[in-house]
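First up is the structure itself, then whatever we jot down about it.
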């Protein structure tokens, strides 16, 4: 099955992790409305953001007809690495926060 979005993708496309997190949340919830509530965004805004991500990667990632909403074959291929990227980003932010907390407790004299 050929995606309506085929051919749109760019090699090395910069992905916005915010959009990736939206996709993962929709998949985890299986429903746009519940995902939107969890993300504190409107349903239409969430759907628009997922479409933006799909345009960036050049494939439909969700089967919107299925209830619950499920990933397409392309979505299934995308999700493992997407989850890994989100976990890595979360760890990176946590590492900086831990460094900042440790540095806040250190008294520095001089320059």
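The values are calculated or read from the model by the stated rules, or taken from the named source; none is laboratory data. Source: prediction; values computed, not measured. Cβ: placed from backbone, ideal geometry, glycine included. Neighbour counts: every protein chain shown.
Which condition number does residue 54 fail, the rest of (1) touching a residue at least 60 places away in the same chain (Cβ under 8 Å); (2) surrounded by 20 or more Cβ atoms within 10 Å (Cβ to Cβ) being met? That leaves (1) as the condition not met. Candidates 100, 83, 77, 38: the one that is surrounded by 12 or more Cβ atoms within 10 Å (Cβ to Cβ) and more than 18 Å from residue 15 (Cα to Cα) is 38. Listed by first and then second residue, the pairs linking a residue in the stretch 91-111 that is under 25 Å from residue 17 (Cα atoms) to a residue that is at pLDDT below 80, with Cβ atoms under 7 Å apart and 6 or more places separating them unless they lie on different chains, form an empty list. Kindly evaluate residue 60 against the criterion of being in contact (Cβ under 8 Å) with a residue 40 or more places away in the chain and touching a helix residue (DSSP H, G or I) at 6+ places or on another chain (Cβ under 7 Å). Considered against the rule, which asks whether it is in contact (Cβ under 8 Å) with a residue 40 or more places away in the chain and touching a helix residue (DSSP H, G or I) at 6+ places or on another chain (Cβ under 7 Å), residue 60 comes out as yes. Scanning the stretch 1-17 for residues that are exposed (fewer than 12 other Cβ atoms within 10 Å of the Cβ) and either under 15 Å from residue 64 (Cβ atoms) or modelled with pLDDT of 85 or more (or both) yields 1, 4.
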